[in-house]
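Have a look at the structure below, then the notes.
Here, each number is a calculation from the coordinates, and none is a lab measurement. All values reported here derive from a predicted model rather than from experimental measurement. We place every Cβ from the backbone using ideal geometry, glycine too, and count neighbours over all the protein chains shown.
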Amino acid sequence: MSSITPPDPSAVRYDGPWIHRDVHANGIRFHVVEADPAAGGPAMPTAGGPAFADPEAPLVVLLHGFGDFWWSWRHQLTGLAERGFRTVAVDLRGYGDSDKPPRGYDGWTLAGDIAGLIRALGYTEATLVGHAEGGLVCWATAVLHPRVVRSIALVSSPHPASLKRTILRDKAQRAAWLPNFLRYQLPRYGERLLTTADGAEIERLMRQRAGEHWSTTPEFADTVARLRTAIQIPGVAHCALEYQRWAFRSQWRPDGARFMATMREPVRIPVLSMYGDRDRYIFASTIRRGLRLSPARHVVPIPDSGHYAHQENPDIVTAEIAKLLA
């Protein structure tokens, strides 16, 4: 990898048993990747775009976390499609080959992105699956647009109100979570940190948070290389940091107070909360707090996994999501 010429956004359009599409929703263009729900691979394209064997199959939308992109869900993308679900992995606003507008990284807009995307895909509802910050978007969409969310599944993503409360009261969780969050608030410093040395900061974060077993595998090395390329796409580092910067700045503004008050409304749809049993970044106790805010929540530890359980132990995560969808 070279930092002389920044990667083109199309660099994340990897070949595989899926179809790359551009979908317009909430005023911007999203890069989405779909698997055929019948075969787990691409369907034959038509003049109007890709055709699917079963267009009535339930929709599942996969949302990645910080510094990531759709590739994070490659295992679930095909695994859930093979079980008969229309499965779509998304580059969130500002990431990968999706548009990178200067604004819109607040909880309200991000929830509107996903609600609009569901409708743009021709559905009235979907199950949302999110990792880390992608999970926070799941929580926000479920509260702000409840009619379009059938259920949500989360990987290492506590309820935002529960996370805030835990950070304030739990010294160990605060020590694990807060340092990186705070240093990324500095203007321009965070962008330089994420992009210098060909994205070495992304590899540092992944090695710090992944389980010991996965971090020694060839798949981990390949995934790290792809993420280091993706974070260097022009605009991605800044947009990725805007998610965290809004979360920080809004704490002292009316819009943030209003958002958090709204998020304290109970989520009454089915919720599956998964976490790696060796996650050193988001603790099990943090995941389990706030059950009153999602009374229909089922909490499942994923064995032999760190913060990236959906990649470290994908078969178990896919099977648990399939149970929720059933």
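Descriptive notes on the structure:
- Diffusion of the range 112-175 by Stokes-Einstein, at 20 °C in a medium of 1.002 mPa s and with Rh set to the Kirkwood radius over alpha-carbon pairs, works out to 171 µm²/s.
- With eigenvalues of the C-alpha gyration tensor scaled by 5 and rooted, the range 152-262, Å: 27, 19, 13
- The residues LYS164, LYS323, LYS171, LYS100, when put in order of fewest to most other Cβ atoms within 10 Å, stand as LYS171, LYS323, LYS164, LYS100.
- The aspartates and glutamates within cross-link reach of LYS100, meaning a Cα-to-Cα straight distance under 16 Å and a gap of 8 or more places when in the same chain, are ASP8, ASP22, ASP68, ASP91, ASP113, GLU191, GLU242.
- Across the range 220-326, C-alpha contacts under 8 Å between residues 6 or more apart give a mean separation that, scaled by the residue count, equals a relative contact order of 22 percent.
- SER10-GLU219 pseudo-label distance in nm [points 7 Å out on the Cα-to-Cβ vector]: 3.0 nm
- Scoring 13-19, 85-91 by mean Cβ neighbours within 10 Å over their residues and listing the highest first yields 85-91, 13-19.
- Total charge dipole magnitude, the range 200-326, about the Cα centre, Cβ charges on Lys, Arg, Asp, Glu only, Debye to nearest 20: 740 debye
- Under a model in which nothing but the beta-carbon of Lys, Arg (+1) and Asp, Glu (-1) is charged, the chain shows a dipole of about 1620 debye around its Cα centre.
- Here the relative contact order of the range 106-191, from alpha carbon pairs under 8 Å that lie six or more residues apart, stands at 24 percent.
- Distant alpha-carbon pairs in the chain (separation over 30 angstrom), percent: 28 percent
- Model label points for LEU182 and ALA319, set 7 angstrom from Cα along the Cα-to-Cβ axis, are 4.2 nm apart.
- Take every pair of alpha-carbon atoms less than 8 Å apart whose residues are at least six positions apart; their mean separation over the length of the chain yields a relative contact order of 19 percent.
- Rounded to 5, percent antiparallel among DSSP beta bridges of the chain: 35 percent
- Here the extension length gained between ARG29 and ARG264 equals 81.6 nm, from 0.36 nm per residue of separation less the Cα-Cα distance.
- Using the Karplus relation 6.51 cos²θ - 1.76 cosθ + 1.60 with θ = phi - 60°, the per-residue 3J(HN,Hα) values for the range 265-270 come to 5, x, 8, 9, 7, x Hz, with x marking Gly and Pro.
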